[in-house]
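Asker: Take a look at the following structure, please.
The values are calculated or read from the model by the stated rules, or taken from the named source; none is laboratory data. From a predicted model like this one, the values you see are computed outputs, not experimental measurements. Quick reminder, even Gly has a Cβ in these numbers, built from the backbone with ideal geometry, and neighbours come from all protein chains shown.
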Amino acid sequence: MSDSLIEVTGLCVDYGTGDTAVHAVIDADLTLRRGEVLGLAGESGSGKSTLAYAITRLLRSPGVITGGQVILRRDAEPAVPLLAAGERELRGLRWNHIAVVLQSAMNALNPVMMIGTQLTDVLTAHRPEMSRADRRSRAAELLDMVGITADRLRSYPHELSGGMRQRVMIAMALALDPRVVIMDEPTTALDVVTQREILEELSRLRDRLGFAVLFITHDLSLLVEIADRIAVMYAGRLSEQAGARELFRSPRHPYSHGLLNSFPSLHGPRRAMEGIPGSPPDLREPPAGCPFHPRCGYAMDVCRTDMPPRFTLNGGGRSAACWLQDGTHEVPAELGSVGSGGDDPPVPPRSFAGETAPAATAAPVAEAGGQA
Amino acid sequence: MTAPAGTVPVGPGATQPPSPVLEPRRRARMIQLPRSPKILVGLGLALFFVLLAIIGPLVAPDDPNASSSTTIGTPLPPSGAHWLGTTKVQQDILSQMLVGGRSTIVVSILAGAIATVLAVLFGVSAGYFGGWIDDLLSMLANVFLVMPALPLLIVIFGFLSRTTSPNDVLIGLVIALTGWAYGARVLRAQTLSMRNRDYIESARLIGERSWRIMMFEILPNLVPIVATSFLFTVIYGVGTYAALSFLGVISVSHWSWGTILYWAQSDQAAQQLRPEWWWFLPPGLALGLFGAALALLNFGIDEFINPRLRLAGLTGRRARRAGLPTRPRLGLTPVLKPARPGDDLVGTGEGAR
Amino acid sequence: MIARRIGLYVVTAFVAITVNFFIPHLMPGNPVLTLIGKMRSQVTPQTIAALELQYGVDTKTGLWGQYTHYWYELLHGNLGTSLSGYPASVGSLIRGALPWTIGLVGVATILSFVLGTLIGVLAAWRRGSWLDNLLPSLTFFQAVPYFFLAILAGALFATKLGWFPQSQPYDTTLLDPGLTWDFISSVLDHAVLPALTIVLASVAGWIFTMRNVMITTMDEDYVLIAEAKGLPRRRVVAYAARNAILPSVSSFSLAIGFIVSGALLTEIVFSYSGIGFLLLQAVTNEDYPLIQGIFLIITFAVLGANLIADFVYAFLDPRTRQEG
């Protein structure tokens, strides 16, 4: 399908080899489509960053890719199997088609080189036909795109503020007009105000240039706003994939449900907060069966022994790796309804002890300066 | 069926002893001792030299000053009577090595110990207290760091040797006075970074006394650095003491490996048409091996402290067995099983399964 | 930041001069007394008076007076009169020997630094290769005293193989100093072994430092980004090395002290007429004014080298320029 840019099939990534290997990503299937924002969400250690870096073979030692395929599709050129590509081919593809933006711009920018040089080095490497003057003007153009004046070309990273550095990173990523930009927690290290600015900047740039984004973050609430589709990872596996709005309204996997109910809503009636009890498993010794079952309020016997496969739902638009969705079980209302729209109070997940948390009262509670 | 070599043949019903491969590995992981060959070789060599220092003079066959003959005027190569040969005045070189070994090793270890104590004292205090104490001690350390040590020591010993007889403890002490600054600087930096940690802050808020905090909270974390600083200074001590003896600044009747080289050089042992290698090789090699042993130990400790310097088991035999390229390469994550051949790459495959 | 360093060097120079003055006074007994007695017949009364003043034998002037006098002489460039080279002044003797040492040490140090850092980069980039496994054996070279390496090199290459001359800075029997090709080639010929010794003994330190820092630097995000950008491998390594070289430059101040000490000893073995050789002469003859004069000059030279290293560091690391 010419609509997809990156197709990941059955990707497996380990840290280390042999008996002591830790399985960080297990059998991941993912597709990034042209121009879309795919959010990759999960807790620390869920494997989301590992997955993203493995796609471009940028994973550091001792990471090893132990299986699967990653195919990069390009316009008017043959598709490239990234995992089998040679070094020269990879170097040619990098930044041209796939660019990367990291969490901490202070660490991602070379402290002893000027900003201008860091913007033009990719031009020198990938566009040898450009003259020095061309490169310089392109660099100035890139800075302008993110709202930074051209005199900053001669600055060093430590002379810029945190927000400016992040914007420089984004400008740097867009230097060759890539089709895919992988962003690893780009706003986590920033204050909320700057966060918002960066996200708006990003949105404007996407409108203008039309690139796709693989947005990695632990902040699911953020993704619900900016992503088109969301993939949730848990213990190295993709537990659920769905459109952003669909996921928000009707999560199918108990983990996603738990996550969505972990942050308060600014609207609606007050309700009791519940996180997900327990903590993520140690990947060196994952639990048998479904990795989420120790923390899951809906766990059944089969969950404790067998790993649930990914079940396709809604005719192929979404998937969830949960035994509840295999078609033979009765799915609880909160995990299976068609999606009743956004205004009903969300049903809280079943707690670990099997009891349902006290249901939210339907009547809005009067508050000082009450909210709608 | 013959039992594989190394296993105990067991009769029926007897429980098989646990495979010998598993046990030591588990134990090693528990004690967390790195099994790097560097540390083992270094440790072995170092222990050998310490042993030499202790028993050396006791097992020396002759008095190093004694001439076995007054008629022969050239150094003699190794023989039955003199295992390492003789000097020009027919002194037994083996005895000189054994006696001199004690002095060399004692002085260098003493210098290392005293310097390390000073370094800990000054470095941790400077880092912990900050303010004018830090400024003063840092300035002091920097001055000693920048000033070239050997010329200063030559001046000191030049005068000292004239008025006092050589004494290992004194020599070690003076050398230590020039060697503490580097360790102090490193320890200060580490203390500074630890000082702002929460557990130190809380100890201070509780009212725990400064010296107790330094002793029991900060110092235990600095042990690897103190160890490596100690070894570094001992190496410095060995080289410096040898140099001073070689120059003749320290009395040449006080035997050390450097002194042997002094006599070898002054009698031009290496410049002869047939170099008298038995005279200058043993002391030089001994100095080098001792220093190398300590340096290897240091290397090993360095890898222990900084896990990034280790190779995380992804190289060499293990990697090759797993089918990986033998060297980890940045930006080129290894793929264990490349994409299966015959995969339909440009087909119409759907997205997520 | 440079200002602070200059301040440090000024203080160090001050301390060195003061220590230099006080050491003879602190020694138990009076080492110089007998020496002066011995020399009384051989040198001029003015020289005796100056010695007595400097070494505190003169009881007429108090300690403070002697100290200030010492400073006075120093600021006039007078380091005293040599006892072993009498009637030559200490200053003139040093002036004759210094250029040889600076030439030898300067060239050898730069060579060692460049070679060491390049090999260190290579070793870090190609981890687990044969180069990496060779490194522990280099510790031997690092631990062996300079002068022993010198002796070995001399015995092997000069005496046994006859490839290079054993001693002297140039062929003193045949040539006179001048800008002739004969002279220059002789100088080079005679400098090979001493320089080789210095390089061999010091290169391991640079290699290890660079390698270890490089390994840590390669873990940095900006190196990963350089790879992600698809830059040619040489560029990526250069980006990392530009950062990794900083600690080597800043550790130069520590290293130069060792290198200078080692060079002095090397000169002695090869009878190379630099400061080292002069020092041996001074020690053997108990020529205290010369010993102390050499100490001061060496200290000043090392401080100068440090200053240059500081400037280079500031040039390489833009972050330091802010603090001015």
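Asker: Report yes if some residue within the range C:228-240 is touching a residue at least 24 places away in the same chain (Cβ under 8 Å) and within 24 Å of C:Ala305 (Cβ to Cβ); otherwise report no.
Answerer: No, every residue in the range C:228-240 fails to be touching a residue at least 24 places away in the same chain (Cβ under 8 Å) and within 24 Å of C:Ala305 (Cβ to Cβ).
Asker: On to the next question. Give me the residue from the range A:98-119 that is part of a helix (DSSP H, G or I) and in contact (Cβ under 8 Å) with a residue 24 or more places away in the chain and, out of that set, farthest from the other protein chains (Cβ to nearest Cβ). If you could, list the steps in order and put the result at the bottom.
Answerer: Going through the range A:98-119, the residues part of a helix (DSSP H, G or I) turn out to be A:105-108, A:115-119.
Still in the list and also in contact (Cβ under 8 Å) with a residue 24 or more places away in the chain: A:105-106, A:108, A:115-116, A:118-119.
Working: A:Ala105: 9, A:Met106: 9, A:Ala108: 5, A:Ile115: 11, A:Gly116: 13, A:Gln118: 8, A:Leu119: 11 Å.
Here the residue is A:Gly116.
Asker: Test of understanding: among C:Arg95, C:Arg127, which residue is outside any helix (DSSP H, G or I) and assigned by TED's automatic domain parsing to the domain that holds C:Ser253?
Answerer: Just a single option satisfies the conditions, and that option is C:Arg127.
Asker: Testing A:Leu93 on (1) in contact (Cβ under 8 Å) with a residue 24 or more places away in the chain; (2) over 30 Å from A:Ser161 (Cβ atoms); (3) of a type outside the set (Val, Ile, Thr), one condition comes back false. Which one is that?
Answerer: (1)
Asker: So C:Gln168 clears everything in (1) at the interface with another protein chain (Cβ under 9 Å from one of its Cβ atoms); (2) on the phi > 0 side of the Ramachandran plot except one condition, right? Which one?
Answerer: Single failed check for C:Gln168: (1).
Asker: Could you please let me know if B:Leu137 is closer than 27 Å to C:Phe14 by Cα and aliphatic (A, V, I, L, M)?
Answerer: yes
Asker: Can I ask one more? Taking into account only those residues within the range C:208-223 that are at the interface with chain B (Cβ under 10 Å from one of its Cβ atoms) and either of a type in the set (D, E, K, R) or in contact with a strand residue (DSSP E or B) (Cβ under 8 Å, 6 or more places away or on another chain) (or both), which is nearest to B:Leu332 (Cα to Cα)?
Answerer: C:Asp219
Asker: Give the range B:100-132 a look and list any residue that's over 25 Å from B:Thr228 (Cα atoms) and over 22 Å from the mean Cα position of the chain (by Cα), or say none.
Answerer: Selection gives B:Gly131, B:Trp132.
Asker: Which of the residues spanning the range A:34-69 are closer than 30 Å to C:Ala124 by Cα, within 12 Å of chain B (Cβ to nearest Cβ) and of a type outside the set (A, V, I, L, M)?
Answerer: A:Thr50, A:Tyr53, A:Thr56, A:Arg57, A:Arg60, A:Ser61, A:Pro62, A:Gly63, A:Thr66, A:Gly67
Asker: While we're on this one: Are any residues in the range A:245-295 out of contact with any Ser or Thr (no Cβ under 7 Å at 6 or more places or on another chain), of a type in the set (D, E, K, R) and in a loop (DSSP other than H, G, I, E, B), and if so, which ones?
Answerer: Selection gives A:Arg252, A:Arg270, A:Arg271, A:Asp282, A:Arg284, A:Glu285.
Asker: With respect to B:Val146, determine if the residue is without any contact (Cβ under 8 Å) to a residue 40 or more places away in the chain and either within 14 Å of another protein chain (Cβ to nearest Cβ) or closer than 20 Å to B:Leu187 by Cα (or both).
Answerer: When the stated conditions are applied, B:Val146 passes them.
Asker: Restrict the check to the range C:242-253 and report whether at least one residue is of a type outside the set (Phe, Trp, Tyr) and either at the interface with chain B (Cβ under 9 Å from one of its Cβ atoms) or on the phi > 0 side of the Ramachandran plot (or both).
Answerer: Yes: the range C:242-253 contains one or more residues that are of a type outside the set (Phe, Trp, Tyr) and either at the interface with chain B (Cβ under 9 Å from one of its Cβ atoms) or on the phi > 0 side of the Ramachandran plot (or both).
Asker: If I filter the range C:277-289 down to residues being more than 10 Å from chain B (Cβ to nearest Cβ) and assigned to a helix (DSSP H, G or I), which single residue comes out as farthest from the chain's Cα centre (by Cα)?
Answerer: Looking at residues that are more than 10 Å from chain B (Cβ to nearest Cβ) and assigned to a helix (DSSP H, G or I), I get C:Pro289.
Asker: Only residues that are under 20 Å from the mean Cα position of the chain (by Cα), among the hydrophobic types (A, V, I, L, M, F, W, C) and facing another protein chain (nearest Cβ under 8 Å): list them for the range A:70-97, please.
Answerer: Selection gives A:Ile71, A:Trp95.
Asker: Here are some residues: B:Gly123, B:Gly183. Which one is surrounded by 24 or more Cβ atoms within 10 Å (Cβ to Cβ), away from chain C (no Cβ under 12 Å), among the small types (Gly, Ala, Ser) and on the phi < 0 side of the Ramachandran plot?
Answerer: Result of the check over B:Gly123, B:Gly183: B:Gly123.
Asker: Can you find even one residue in the range B:202-210 that is more than 16 Å from B:Leu118 (Cα to Cα) and among the basic types (Lys, Arg)?
Answerer: Step one: list which residues in the range B:202-210 are more than 16 Å from B:Leu118 (Cα to Cα), which gives B:202-210.
Subset that is among the basic types (Lys, Arg): B:204, B:209.
Yes: one or more hits.
Asker: Out of (1) surrounded by fewer than 20 Cβ atoms within 10 Å (Cβ to Cβ); (2) under 22 Å from B:Ile260 (Cβ atoms); (3) more than 22 Å from the chain's Cα centre (by Cα); (4) more than 14 Å from chain C (Cβ to nearest Cβ), the odd one out for B:Gln96 is which?
Answerer: (1)
Asker: Ok, one more. A:Leu58 is checked against (1) part of a strand (DSSP E or B); (2) of a type outside the set (D, E, K, R); (3) surrounded by 21 or more Cβ atoms within 10 Å (Cβ to Cβ) and fails just one. What number does that condition carry?
Answerer: (1)
Asker: So, in the range C:126-151, exactly how many residues are more than 7 Å from every other protein chain (Cβ to nearest Cβ) and modelled with pLDDT of 80 or more?
Answerer: 3
Asker: Based on this model, can you work out whether C:Ala123 counts as more than 25 Å from the chain's Cα centre (by Cα) and at pLDDT 80 or above? Give the derivation first.
Answerer: Working: more than 25 Å from the chain's Cα centre (by Cα): yes; at pLDDT 80 or above: yes.
Against the criterion (more than 25 Å from the chain's Cα centre (by Cα) and at pLDDT 80 or above), C:Ala123 qualifies.
Asker: If you check A:Ser265 against the conditions, is it of a type in the set (S, T, N, Q) and modelled with pLDDT of 80 or more?
Answerer: Answer is no for this residue.
Asker: Turning to a different aspect of this structure: Here is a list: B:Leu285, B:Leu289, B:Leu297, B:Leu281. Which entry is closer than 20 Å to B:Leu47 by Cβ, more than 7 Å from chain C (Cβ to nearest Cβ) and without any contact (Cβ under 8 Å) to a residue 24 or more places away in the chain?
Answerer: B:Leu285
Asker: So B:Leu173 clears everything in (1) away from every other protein chain (no Cβ under 13 Å); (2) more than 30 Å from C:Ile17 (Cα to Cα) except one condition, right? Which one?
Answerer: Result: B:Leu173 fails condition (2) only.
Asker: Give the residue, chosen from B:Leu137, B:Leu76, that is touching a His at 6+ places or on another chain (Cβ under 8 Å) and buried (at least 18 other Cβ atoms within 10 Å of the Cβ). Spell out the reasoning first.
Answerer: Numbers: B:Leu137 fails: touching a His at 6+ places or on another chain (Cβ under 8 Å).
Going through B:Leu137, B:Leu76 in turn, just one is touching a His at 6+ places or on another chain (Cβ under 8 Å) and buried (at least 18 other Cβ atoms within 10 Å of the Cβ): B:Leu76.
Asker: Just the residues that are more than 15 Å from C:Tyr288 (Cβ to Cβ) and surrounded by 17 or more Cβ atoms within 10 Å (Cβ to Cβ), please, taken from the range C:64-100.
Answerer: C:Tyr67, C:Ala97, C:Leu98, C:Trp100
Asker: When you scan the range A:216-235, do you find a residue that is surrounded by 16 or more Cβ atoms within 10 Å (Cβ to Cβ), in contact (Cβ under 8 Å) with a residue 40 or more places away in the chain and closer than 23 Å to A:Leu109 by Cα, even just one?
Answerer: Yes, that holds for at least one residue.
Asker: Of all residues in the range A:147-172, how many are in a helix (DSSP H, G or I) and either more than 11 Å from A:Glu197 (Cβ to Cβ) or without any contact (Cβ under 8 Å) to a residue 60 or more places away in the chain (or both)?
Answerer: Here the count works out to 18.
Asker: Another question, if that's okay. For the range B:229-258, give me each residue that is in a loop (DSSP other than H, G, I, E, B) and either at the interface with chain C (Cβ under 8 Å from one of its Cβ atoms) or in contact with a His (Cβ under 8 Å, 6 or more places away or on another chain) (or both).
Answerer: B:Gly248, B:Val249
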